[in-house]
Amino acid sequence: MVAAMPIAHAQYLQVEVWRSAAAGHFQTFRVPRRENQTVLDVVTEIQREQDPTLAYRFACRVGMCGSCAMVVNGRPRWTCRTRVDVGLGTAAMLRLEPLRNFTVVKDLAVEMSAFFDKWRDAKGHFEPGPSPPRDFAVVPPASPQRQAADAGIECIGCGVCYAACDVVAWEPAYLGPAALNRAWTLVNDVRDAGSAARMEAVAAGAGCHLCHTHMSCTQFCPKGLAPTYAIAGLKRATVARALRRRP
Amino acid sequence: MTAVLFIAQRASAAVLAIAVTAHLATIIVAVRSGLSAAEVAARTHGNTALLILYSVFVLAVAVHAPIGLRNVLREWTAWRGRSLDVALGLFGVLLMVLGLRAALAVFLA
């Protein structure tokens, strides 16, 4: 049986894929094993060669767009940069599911608007203020604020951290690691003029103080970012702000 | 949880860290040389320092416990909104009344 064979010698992968929406089921496919195959390659091969009705999402295939995240053998991952060897771990087959904490549209495609709505709710956009400077701002790369912003700026919005977060599962209103990470980069952007409203937003009931510091977001972020530290920074900043207000 | 609740929970936890340590020390001291209620009460009766310690302890508990319980209930049940906040506010008052009553009883015993 293919699934029981050692990975190095298996010629085919047994792949269980989630089908339909929330109340769905797993469908098993048999996919030829290829060298340097990624999990996204496997999904694409199933869709093109075996079942064209399979729904999934991808765009760039090189880890830039954040479209292709799925749950691979129980762990949220960007599938375009996850080789089958890594996704398999010690298991002998692949099990692919849509991202946790999102509404499933169909099969492996999820509805991401709630996720991005929370970026908006966390004021995750640059606010130039009423009179932005006419010239380029000079921000020294070595300044603490620039370094704090740099630490979180490479987020691609893939939703892996959001799927990994237990607090989002327990409290659906929680803004989540990605939106809070984005807010922290803007709090540290010396050009930004919107931090008063931003701090108000992230200090509200569904904001940064709900975080339990489980660090799942930091463990699974495919870009190696640490939203947990961003959230800790927001906790410190919001506490300092609240104490200043109440002398 | 808002920033104010977060601060209240952390600050009360800091107070509790000291109060629990003092409480454990008090237990060890109070039970030496006889474990009967009368013997323990004889050593704690009229001790103002103990009354202050346990009053602070009780107030910290009355702040800390309802906030933590609120978080647990919000994460594990569908209970939300004003009724939850009022119920846990009352729970905090209940803890405070019962605790202060006990601390005073030990002082007066």
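Any read-out appearing in this document is the output of simple, stated calculations on the displayed coordinates, not a laboratory observation. Please read these numbers as outputs of a predicted model, since none were measured by experiment. With ideal geometry, Cβ positions are generated from the backbone for all residues, glycine too; neighbour counts draw on all protein chains shown.
Take A:187-197, A:222-232 and order them by the average number of nearby Cβ atoms within 10 Å per residue, most first; the result is A:222-232, A:187-197.
Within the straight-line cut-off of under 30 Å between alpha carbons, the lysines reachable from A:Lys235 are A:Lys118, A:Lys123, A:Lys223, sequence neighbours fewer than 8 places apart in one chain being disregarded. Using C-alpha pairs under 8 Å with a sequence gap of at least 6, the mean separation divided by the residue count of the stretch A:12-111 gives a relative contact order of 33 percent. The orientation-averaged projection of the convex hull spanning the C-alpha atoms of the stretch A:75-233 amounts to 11.0 square nanometres. Considering only A:Ala142, A:Ala173, A:Ala69, the mean-square fluctuation computed in a Gaussian network model of chain A, springs between alpha carbons under 10 angstrom, is largest for A:Ala142.
Using the rule -39500 (n - 2.57) for each DSSP H run of four or more residues, divided by the residues of the protein assembly as shown, the 222 nm mean residue ellipticity is -15500 deg cm²/dmol.
Return the Rg/Rh ratio of the protein assembly as shown with Cα-based radii and a Kirkwood Rh. Using Cα coordinates only, the ratio equals 1.12.
When the charge dipole of chain A is built from unit charges on Cβ atoms (+1 for Lys and Arg, -1 for Asp and Glu) and taken about the Cα centre, the candidate among A:Ala114, A:His209, A:Thr79 whose Cα reaches farthest toward its positive end is A:His209. Shielding by partners for peptide A:205-214, expressed as the average number of C-beta atoms from other protein chains within 10 Å of each residue's C-beta, is 3.
Distance between the C-alpha centers of the stretch B:65-96 and the stretch A:141-216? Whole Å please. Answer, in whole Å: 26.
Sorting A:35-43, B:19-27, A:175-183 by average packing, meaning the other beta carbons within 10 Å per residue, from highest down gives A:175-183, A:35-43, B:19-27. Remark: mean inter-chain Cβ contacts per residue of B:1-11 equal 6, using a 10 Å Cβ-Cβ cutoff to other protein chain atoms. Based on Cα atoms of chain B, Rg over Rh with Rh as the Kirkwood radius reads 1.08.
For A:Met70, the amide hydrogen comes within under 5 Å of the amide hydrogens of A:Arg77, A:Thr79, counting only partners 5 or more places away or on other chains and with H modelled in the peptide plane.
Short-range pairs are left out: with C-alpha atoms under 8 Å and at least six residues apart, the relative contact order of chain A is 17 percent.
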